[in-house]
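Novice: This is the structure I want to talk about, given as structure tokens.
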Amino acid sequence: MSAPWPLDDQLCFALYAANMAMQRTYKPMLDQLGLTYPQYLALHVLWEEDGRTIGAIAQRLGLESSTVTPLIKRLEASGQVTRERDPQDERQVRVRLTTAGAALREQCGCMGEEIIARSGMAIEELQALRGEVRALRQALEQSEAKA
């Protein structure tokens, strides 16, 4: 059996470290809005399509519903969203943006531009990288589904 590759040679570590750097970059901007990075992502899902169920939000983020529920409860407590049982299916909880939650979309609009600027990379490079990372994720998910 061979020894593991050095940490800096492992793709998993490069992705992990890049993710941590991305979250550190977002943190001061999100702190000004009173949001955590996971809360920002959940709001983003609702900005795409308001009124999604907890399960749909979890699926979109690649998380378990049990992880998303407390996140949504914190957003509700801060006045960003409301939760209500779906009248057609009482088992489902629908999440809707409040006026304050919808207004945050405008305040978050310039964050993407800030990330691009801080990366020092051309937008075309970042788009290509995003495409490669998406392809990797899809390949791993397909492999996981077959296992």
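Novice: Determine, yes or no, whether Glu114 is at pLDDT below 95 and closer than 14 Å to Leu43 by Cβ.
Specialist: So Glu114 fails the test.
Novice: Looking at region 92-100, can you tell me whether even one residue there is in contact with a strand residue (DSSP E or B) (Cβ under 9 Å, 6 or more places away or on another chain), more than 20 Å from Met29 (Cβ to Cβ), at pLDDT below 95 and not charged (D, E, K, R)?
Specialist: Yes - at least one qualifying residue is present in region 92-100.
Novice: Ok, one more. For region 1-12, how many residues are surrounded by 10 or more Cβ atoms within 10 Å (Cβ to Cβ) and outside any helix (DSSP H, G or I)?
Specialist: The number of residues fulfilling the criteria is 2.
Novice: Among the residues of region 62-74, are any closer than 16 Å to Leu30 by Cβ, out of contact with any Lys or Arg (no Cβ under 7 Å at 6 or more places or on another chain) and at pLDDT below 95?
Specialist: no
Novice: Could you give every pair whose Cβ atoms fall below 9 Å, whose first residue belongs to region 12-40 and is hydroxyl-bearing (Ser, Thr, Tyr), and whose second residue is part of a helix (DSSP H, G or I) and open to solvent by 70 Å² or more (accessible area, probe 1.4 Å), counting only separations of at least 6 or pairs across chains?
Specialist: Thr25/Arg118; Thr36/Lys27; Thr36/Arg74; Tyr37/Met22; Tyr37/Lys27
Novice: When residues of region 95-116 are filtered for being free of Cβ contacts under 8 Å to residues at least 60 places away in the same chain and either open to solvent by less than 70 Å² (accessible area, probe 1.4 Å) or in contact with a Leu (Cβ under 9 Å, 6 or more places away or on another chain) (or both), how many remain?
Specialist: 11
Novice: Which of the following residues is closer than 27 Å to Gly55 by Cα, within 17 Å of the chain's Cα centre (by Cα) and of a type in the set (A, V, I, L, M): Ile72, Ile115?
Specialist: Only one candidate passes the filter, namely Ile72.
Novice: How about region 117-141: which of its residues are over 17 Å from Met22 (Cβ atoms) and surrounded by fewer than 10 Cβ atoms within 10 Å (Cβ to Cβ)?
Specialist: Within region 117-141, just Glu124 meets the criteria.
The values are calculated or read from the model by the stated rules, or taken from the named source; none is laboratory data. On a predicted model such as this, the values are computed, not experimentally measured, just so you know. A quick note on method: Cβ atoms are made from the backbone with ideal geometry, for glycine too, and the neighbour counts reach across all protein chains shown. The area values use the complete protein model at the heavy-atom level, side chains included, leaving out ligands, DNA and RNA. Shrake-Rupley method; radii C 1.70, N 1.55, O 1.52, S 1.80 Å.
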